[in-house]
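Written below as structure tokens is the structure these notes are about.
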Amino acid sequence: MAGYTGTKKDHLRRLRRIEGQVRGLQRMVDEDKYCIDILTQVSAANRALQAFALQLLDEHMAHCVAEAVAKGGTEADVKIKEASEAVARLVRS
């Protein structure tokens, strides 16, 4: 079971909202809106995606990583390395 299973509906709702923001950006470009207004909306969409990613990472750490650490062994090392790499990707983006 995925770590986010309990919050799946909330995640999907959040992703639909972000999808709407991106569609709004397309509409703004199509309507030749002011560049700064579009950039402001891009920033909002980026922040929304980052917030989603952080929530998902938190759930992954609390469920998948914690479970692997409790079991111990190489699986724990793999899960910790995966989480660390995911954090690094988020920091770089």
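The values are calculated or read from the model by the stated rules, or taken from the named source; none is laboratory data. Given the structure is predicted, the values throughout are model-derived calculations rather than measurements. Note that each Cβ is placed from the backbone with ideal geometry, even for glycine, and that neighbours are counted across all protein chains shown.
Cβ separations smaller than 6 Å between residues 6+ apart or across chains give no pair from segment 19-33 residues that are free of Cβ contacts under 8 Å to residues at least 12 places away in the same chain to residues that are β-branched (Val, Ile, Thr) and part of a loop (DSSP other than H, G, I, E, B).
Return the only residue of 47, 27, 14 being over 21 Å from residue 87 (Cα atoms) and at pLDDT 95 or above.
27
Taking every residue in segment 36-49 that is under 11 Å from residue 25 (Cβ atoms) and pairing it with any residue that is of a type in the set (Lys, Arg), at least 6 positions away or on another chain, the pairs with Cβ-Cβ distances below 9 Å are 41/33.
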